[in-house]
Amino acid sequence: MKRLLPLLLVACGSPAPSDPALDALAPWPEDPHQLVERCAREPFEEVAITCRVQAAAKFGAAGDTLAAHAVCANVPTGTWRDECHFRAGEELGHAGHAVEGLEHCAKAGWFGRNCLTHTGWRLPRDPALHPGLSAARIAAAYEELDQRVVAALEGAGDGLDGEGRDIIRARFGFNVYVGSGRASPEAARLPDPLGPALRTGFAIEAARLLGEDASVEAILAVWSETAPPPEGSAVSDVATLGRYSLPLVAPGEHGTPHIPVFGGGLRPVGASPDEDATIAALEAMFWLESTPADTFVPWLDDPRPRVRRTAARLVGRAPPRSLDLPALLEQVSTTHTDDTVRWHTQQALKSRAWEAPARRPPSQ
């Protein structure tokens, strides 16, 4: 017994040796600074890497882009470092720091384009910018923003710098109008490249405010100033969510200028401001989740190619009201004189997207 006593005392008074495997399974701290310290103690390299990626994301969620950059610099180059910047970029965007998030998107490699979409479309609305301001004031605000975006995306390869500017410009146009409670077309008459983005926002807000009276024709009456701009209450970001679709560009549309639209899609830019307003009005009616496919049918034979092709892309993605949509698409897909219209209706017959529930982006 005397010989066992020292052993028992040691066993009771000394901590048991730690098990690295059990330590690796312990919950990670929520605080990013504590998490970085935990990452440094991880005995397994694979766990340490994923730990740092998570820490960078948490710094992004906290709006600390410098700390996120520092953490990602300690992740090995390659896929994991790209993932680190992707996570940090989208979390910064979600936290309202979209431009800072773009700095990470520029370094996100293979994940760069997804990062741009997730981050750029989260550019927060500035309540001080609205359609009641002069067009010159709105243009100046965009120019200042664009300079920051150019700096954030400096050095990004594979066309990400131009694509990121396009997304931010589209979101800016959306933010100025949508949810503001105003649909004055003055700012939307600005020239390219900002004008088309503002026209998209103008058309969506006009459709939202017109409500049950919304139509392509009613939106264009506001655009041409033959009808007064509708007005209403400003709404929150949640109330500015609408229907969206994937970026479907037909082979015959390659070379046609396009701009991003709500949710990650693309629309062609019209050959003139009036034509572009018509395309924007079609997109706005699609954004309204109550709009049936029937709305787009009359525009399938518009003499302007970009207008009828937009209608062809949208008609098969909205549920019909009284229309035999499969029969119409089948007919158009085989007999229309515009091969790009035929292409879009053929894609609609393959996907049958009108049968799916209305889709919204998970977060904008």
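No value in this document is a laboratory result; all are computed from the given coordinates. Since the model is a prediction, treat every value here as computed from it, not as a measurement. Here the Cβ positions follow ideal geometry from the backbone for every residue, glycine too, while neighbour counts run over all protein chains shown.
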Remind me, relative contact order of the chain in percent, using alpha carbon pairs under 8 angstrom and six or more residues apart?
10 percent
Run the quick spin-label model on E289 and R321: label points 7 Å from Cα toward the beta carbon, then report their separation in nm to one decimal.
1.9 nm
By how many degrees, between 0 and 90 and to the nearest 10, does the Cα long axis of helix 339-351 differ from the longest principal axis of the chain?
50 degrees
If amide H atoms are modeled at 1.01 Å from N in the peptide plane, then the residues at a separation of 5 or more from I259, or on another chain, having amide H under 5 Å from its own are R267, V269
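Once the cut-off is 26 Å, how many percent of the Cα-Cα pairs in the range 231-359 end up in the long-distance tail?
Values: 1445 of 8256 pairs.
So the portion of pairs separated by more than 26 Å is 18 percent.
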Note the full-extension length gain between V150 and R113 as 0.36 nm times their separation in residues minus their Cα-Cα distance, in nm to one decimal.
11.7 nm
Give the share of C-alpha pairs in each 10 angstrom bin for the range 27-120, from 0 to the last occupied bin, in whole percents, shortest bins first.
21, 53, 24, 2
Cα-based equivalent ellipsoid of the chain: semi-axis lengths in Å, sorted from largest, via gyration tensor
50, 24, 19
Using θ = phi - 60° and the Karplus form 6.51 cos²θ - 1.76 cosθ + 1.60, what ³J(HN,Hα) does each residue of the range 282-292 get, whole Hz, x for Gly and Pro?
4, 5, 5, 5, 5, 4, 5, 5, 8, 6, x
Taking R0 as 25 Å, what FRET efficiency do you get between T79 and W28 from their Cβ-Cβ distance, rounded to the nearest 0.05?
0.75
Cα convex hull volume per residue for the range 72-216, in Å³, equals 113 Å³
Between the Cα axis of helix 135-152 and the main Cα principal axis of the chain, the angle (0 to 90°, nearest 10) is 40 degrees
Within the chain, what's the longest run with no GluC sites (Glu not before Pro) in a DSSP loop and at most 16 other beta-carbon atoms within 10 Å? Give the range, please.
31-153
Between the range 111-187 and the range 67-96, how many Å separate their Cα centres?
22 Å
Helix 160-177 against the longest principal axis of the chain: what's the angle in degrees, Cα atoms only, rounded to the nearest 10?
60 degrees
Cα centre as origin, Lys/Arg/Asp/Glu Cβ charges: the chain dipole, Debye
740 debye
